[in-house]
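Just so you know, all these numbers are worked out from the coordinates, no wet-lab data involved. Bear in mind that the values here come from a model prediction, so they are computed numbers and not experimental data. Cβ placement follows ideal geometry from the backbone for every residue including glycine, while neighbour counts extend to all protein chains displayed.
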Amino acid sequence: MTLAHRPDGVHVRAPGKINVYLGVGPRHDDGYHALATVFQAVSLYEDVYAYPSEGFSVEIVGDVNVADVPTDDRNLAMRAAKLLARTAGVDDGVHLRIRKGVPVAGGMGGGSADAAATLVACDALWGTELGPHRLHELAARLGADVPFALHGGTAVGTGRGDQLTPALARGRFDWVLAMSEQGLSTPTVYGRLDEMRAHGEGLADDAAPSLEVPVAMLHALRVGDAHELAPVMMNDLEPAAIADRADLALALSDGVRFGALTGIVSGSGPTLAFLCAGPGAARTVQEELRATGRDALHVHGPVAGARIIL
Ligand code: C5P
C-alpha cells in the first residue's frame, strides 16, 4: 500500500486545442493516418481533481453536455490513471472528478486533455515523479492528441500527431468557437475521408497529401500575425466532417460574413474555429453567431498545457 503524497487531492487543468493546420496522409496498417498538424492550445479547459481512493472511479460534471461520457474503462482518464499506476508500481487507486469545459466529441481534444491532466494529477498524488519524458511516452500510448495536451502552447505534430516540435508563436490569437449540440466520432470522420479519397474526392487543393506544414504558417505564428495566418489555415478532414452537415457549411460562411478572417473545422469536428483580427472583432463574431442560434465562445491561444493548480 502506497500512501498518497497529497492526501487532500490534486487539481490539474488542461486545455482544449485547435488544429490550425491538419494535413492527413495515407492510412497505415494500425488504422492510424500519417499527419502533419499544427496544434494551438486555447483558453477552454478541463479540470481534473484527483483524490486518494482504494479503487479507481470517475465522476463527470461540467458546463457542456456530459451525458455521453463513459465513466468505466472506456474513459481515457480512467485508462491514464491505471496505466500510470501499473507503470510506476503504485497499489493505490484514485477517484477522479472531471469538470468538462471542452465540448464532448467536438474535435477539440477534451478527452485527451482529461488523460493528460490525469497523468499529471496522479503523478503528484502518488509522488511517482516519472518526469516529463516518461509522462510523454505514457501520453502517446493513450492517444495521438494526449502528448500535446500535456505540452500546450503551439506545436507541430507529426507521426500520428504525437511527435511534437514546439513552434514559436508570438502574441495572442483570438478565436471564436462555434459549438454543435451533436458531436462527431473521430474514427468515423477519418473513415469517411478514406472513402472519399478512394473515390477521388476530398483531396487538398493541390491533390497531393499535404504532409508538410507550410513555411508561411510557421512564419505567421512566429510573428503573431493573424492576417498572415488565416489564408494558410487548412484541414484535410473538413470535407469529411461537413459531408452530412449542411449546418456546418452554412455556419462557416456566416462566421466569415460576420467579420472572421477565416473559419475551419477543428480537428475532426464538429466545432468550428474562427480566427479573428483581435478581441473586438471576436466579440462581434461571437454575438452575431449567437444571434443565429449557435452556441459561440470567444477564446484565445496559445495557453499552457496540463498544469497543477492546487
Ligand atoms: O488516438 P486517438 O484515440 O485520439 O484517435 C482516435 C481515432 O482517430 C483513431 O482510432 C483513428 O481512427 C483516428 N486517427 C487516425 N490517425 C491519426 C489520429 C487519429 O486515423 N493520426
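The table below gives the values:
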read-out	value
Vicinal HN-Hα couplings computed from phi for region 18-34 (Karplus, 6.51 cos²θ - 1.76 cosθ + 1.60; Hz; Gly/Pro x)	10, 8, 5, 9, 9, x, 10, x, x, 7, 8, 4, 7, x, 8, 9, 5
Calculated SAXS-style log₁₀ I(q)/I(0) at q = 0.15 Å⁻¹ - region 255-310, Debye, Cα scatterers	-0.48
Lys, Arg +1 and Asp, Glu -1 on Cβ, resulting dipole of the chain about Cα centre, debye, nearest 20	580 debye
Label-point separation in nm, Arg245 to Arg283, each point 7 Å along Cα→Cβ	2.9 nm
Among 109-121, 178-190, 32-44, 263-275, the order from most to least packed when residues are scored by Cβ within 10 Å on average	109-121, 263-275, 32-44, 178-190
Computed lengthening from Arg172 to Ala198, 0.36 nm per intervening residue step minus Cα-Cα distance	5.4 nm
In degrees, nearest ten, helix 110-126 long axis to first principal axis of the chain (Cα)	20 degrees
Proximal charge balance of Leu252 [Cβ under 12 Å; K/R count +1, D/E count -1]	0
For region 36-105 versus region 161-202, the gap between their alpha-carbon centres in whole angstrom	22 Å
Net charge dipole size for region 173-301 [Lys, Arg +1 and Asp, Glu -1 on Cβ; Debye, nearest 20]	300 debye
Estimated FRET transfer efficiency (Asn65, Thr87; beta-carbon r; R0 25 Å; 0.05)	0.15
Net +/- balance of residues flanking Pro52 in space, Cβ distance below 15 Å, scoring K and R +1, D and E -1	-4
Acute angle (nearest 10 degrees) that the helix 131-142 long axis makes with the longest principal axis of the chain, alpha-carbon atoms	70 degrees
Range of Cα positions in the chain per principal axis (Å), largest first	59, 43, 37
Contour minus Cα-Cα distance for Arg290 and Leu310 (0.36 nm per residue)	3.7 nm
Local net charge near Gly293, Cβ-Cβ under 14 Å (Lys/Arg +1, Asp/Glu -1)	-4
Residues His28 and His133, FRET efficiency given R0 of 22 Å [Cβ-Cβ distance, rounded to 0.05]	0.35
Rounded tilt (10° steps) of 246-257 against the dominant C-alpha axis of the chain	70 degrees
Kirkwood Rh, Cα atoms: Rg over Rh of region 173-301	0.98
Estimated vicinal HN-Hα couplings, Hz - region 69-75 in sequence order (Karplus 6.51, -1.76, 1.60; Gly, Pro = x)	8, x, 10, 9, 5, 6, 6
Rg/Rg_globular for region 128-194, with Rg_globular taken as 2.2 N^0.38 Å and Rg from C-alpha atoms	1.39
Gyration tensor verdict on region 36-89 (Cα atoms; rounded if a/c is under 1.5, prolate if a/b is larger than b/c, oblate otherwise)	oblate
